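Enquirer: Take a look at this one; I'll ask things after.
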Amino acid sequence: MATEKPSSMDTDRMLQLSNISFAPYIQLSTMLIGKQRHAGGNMFRHQIDTMGILMDYGYIDSVLLKASVVHDTVEDIPDFDENLIINADADGKDVLTLVLEVTKRPGEKKDDFLKRIINFGSQKAKLLKCADRISNMISLGFVTDAKFIERYCNETEFYILPIAIEVDYNMYQELINLIMTRRQYLEQINYFDIPKE
């Protein structure tokens, strides 16, 4: 079943959004406040940013938005109790199912994880992964580790663009633009002229 994407935030959609209770999920995501990000800030802000990106693209599905607020908890909080999500509210079980779809499993290689989403992910998992990557790519503009930027751009091109073009062409276009700007930075610092070891 396709995830609904209203064309605008009209009164009906606003009322639909007003009926979504985010508080239990925001409370859980505050456990990520101490987790620093490569580009600065913390993982809590990244959760909220990911939700904002989904809303910016018109998605107001309650399970999708709630999952976006806690999408890194299982992976980034040691010994996280998944029952906290299940018991958050009536959507908890579905939210956890979606979170686990976008969570790298123990011992799973990053490329295998992304291939799993490409081949087996639900539409909501793919939308969430695209919004997550848009947030990460924007943050990449504050990173100066050229090797990390190159790897992340390549990974986005090879694995995330195929997901984005399937689920939301506008997300696909934004990701292409973000890849281009990050690679322009690498060109400006002559990274591609430096012999690789």
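The values are calculated or read from the model by the stated rules, or taken from the named source; none is laboratory data. This structure is a prediction, so every number in the text was calculated from the model and none was measured. Here the Cβ is made from the backbone with ideal geometry for all residues, glycine too, and neighbour counts use every protein chain on show. Remember, those area values only see protein heavy atoms, side chains included, never the ligands or the DNA or RNA. Shrake-Rupley method; radii C 1.70, N 1.55, O 1.52, S 1.80 Å.
Enquirer: Among the residues of region 1-34, count how many are closer than 19 Å to I77 by Cα, under 18 Å from the mean Cα position of the chain (by Cα) and surrounded by 15 or more Cβ atoms within 10 Å (Cβ to Cβ).
Expert: 6
Enquirer: For K124, only one of the following conditions fails: (1) in contact (Cβ under 8 Å) with a residue 12 or more places away in the chain; (2) farther than 18 Å from N190 by Cα; (3) exposed (fewer than 15 other Cβ atoms within 10 Å of the Cβ). What is its number?
Expert: Of (1) in contact (Cβ under 8 Å) with a residue 12 or more places away in the chain; (2) farther than 18 Å from N190 by Cα; (3) exposed (fewer than 15 other Cβ atoms within 10 Å of the Cβ), only one is false for K124: (3).
Enquirer: Give me the pairs: first residue in region 165-189 and in contact (Cβ under 8 Å) with a residue 12 or more places away in the chain, second residue open to solvent by 40 Å² or more (accessible area, probe 1.4 Å) and charged (D, E, K, R), beta-carbon distance under 6 Å, and six or more apart or on different chains, which are they?
Expert: I179/E157
Enquirer: Ok, one more. Out of the residues in region 97-116 that are out of contact with any Phe, Trp or Tyr (no Cβ under 8 Å at 6 or more places or on another chain) and in contact (Cβ under 8 Å) with a residue 24 or more places away in the chain, state the one that is surrounded by the most Cβ atoms within 10 Å (Cβ to Cβ).
Expert: L98
Enquirer: What residue, of D72, D94, is crowded, with 19+ Cβ neighbours inside 10 Å and touching a residue at least 12 places away in the same chain (Cβ under 8 Å)? Break it down into steps so the answer makes sense when it comes.
Expert: On the way: D94 fails: crowded, with 19+ Cβ neighbours inside 10 Å.
Just a single option satisfies the conditions, and that option is D72.
Enquirer: Take region 59-110 and flag every residue that is of a type in the set (G, A, S) and out of contact with any helix residue (DSSP H, G or I) (no Cβ under 9 Å at 6 or more places or on another chain). Show your work before the answer.
Expert: Going residue by residue through region 59-110, those that are of a type in the set (G, A, S) are 62, 67-68, 88, 90, 92, 107.
Across region 59-110, the qualifying residues are A90, G107.
Enquirer: Name the residues in region 129-149 that are in contact with a helix residue (DSSP H, G or I) (Cβ under 6 Å, 6 or more places away or on another chain) and either under 26 Å from L64 (Cα atoms) or of a type outside the set (A, V, I, L, M, F, W, C) (or both), would you?
Expert: K129, C130, A131, D132, R133, I134, S135, M137, L140
Enquirer: Search region 129-159 for residues being part of a helix (DSSP H, G or I) and polar (S, T, N, Q), and hand back the single one that is most open to solvent (accessible area, probe 1.4 Å).
Expert: Applying the first criterion (part of a helix (DSSP H, G or I)) to region 129-159 yields 129-142, 146-159.
After this cut, where a residue has to be polar (S, T, N, Q) as well, the list is 135-136, 139, 154, 156.
Values: S135: 1, N136: 22, S139: 25, N154: 49, T156: 0 Å².
Taking the candidates together, the pick is N154.
Enquirer: Considering region 41-64 alone, what residues qualify as being farther than 21 Å from E75 by Cα, among the hydroxyl-bearing types (S, T, Y) and either part of a helix (DSSP H, G or I) or open to solvent by 20 Å² or more (accessible area, probe 1.4 Å) (or both)?
Expert: Within region 41-64, Y57, S62 qualify.
Enquirer: May I ask you to list the residues in region 23-39 that are in contact with a helix residue (DSSP H, G or I) (Cβ under 6 Å, 6 or more places away or on another chain) and within 20 Å of Y152 (Cα to Cα)?
Expert: Listed by number, the residues that qualify are K35, A39.
Enquirer: Residues being more than 23 Å from I26 (Cα to Cα) and in a helix (DSSP H, G or I): count how many of those fall in region 79-120. If you could, list the steps in order and put the result at the bottom.
Expert: Taking region 79-120 and keeping what is more than 23 Å from I26 (Cα to Cα), we get 105-120.
Now restrict to residues that are in a helix (DSSP H, G or I): 110-120.
The qualifying residues number 11.
Enquirer: Could you list all residues from region 32-71 that are of a type in the set (A, V, I, L, M) and more than 25 Å from S122 (Cβ to Cβ)?
Expert: Filtering region 32-71 down to residues of a type in the set (A, V, I, L, M) leaves 32-33, 39, 43, 48, 51, 53-55, 60, 63-65, 67, 69-70.
Scanning region 32-71 gives I33, A39.
Enquirer: Looking at region 177-197, which of its residues are β-branched (V, I, T), open to solvent by 50 Å² or more (accessible area, probe 1.4 Å) and at pLDDT 95 or above? Walk me through it before giving the result.
Expert: Of all residues in region 177-197, those β-branched (V, I, T) come to 179, 181, 189, 194.
Applying the additional criterion that residues be open to solvent by 50 Å² or more (accessible area, probe 1.4 Å) yields 181, 189, 194.
Result: T181, single match.
Enquirer: Continuing with this model, one more query. When the residues of region 48-105 are narrowed to those that are small (G, A, S) and under 19 Å from L32 (Cβ atoms), which ends up nearest to the chain's Cα centre (by Cα)?
Expert: Within region 48-105, the subset small (G, A, S) is 52, 58, 62, 67-68, 88, 90, 92.
If we keep only those that are under 19 Å from L32 (Cβ atoms) too, we end up with 52, 67-68, 88, 92.
Numbers: G52: 11, A67: 10, S68: 7, A88: 21, G92: 19 Å.
Of everything passing the filter in region 48-105, S68 is nearest to the chain's Cα centre (by Cα).
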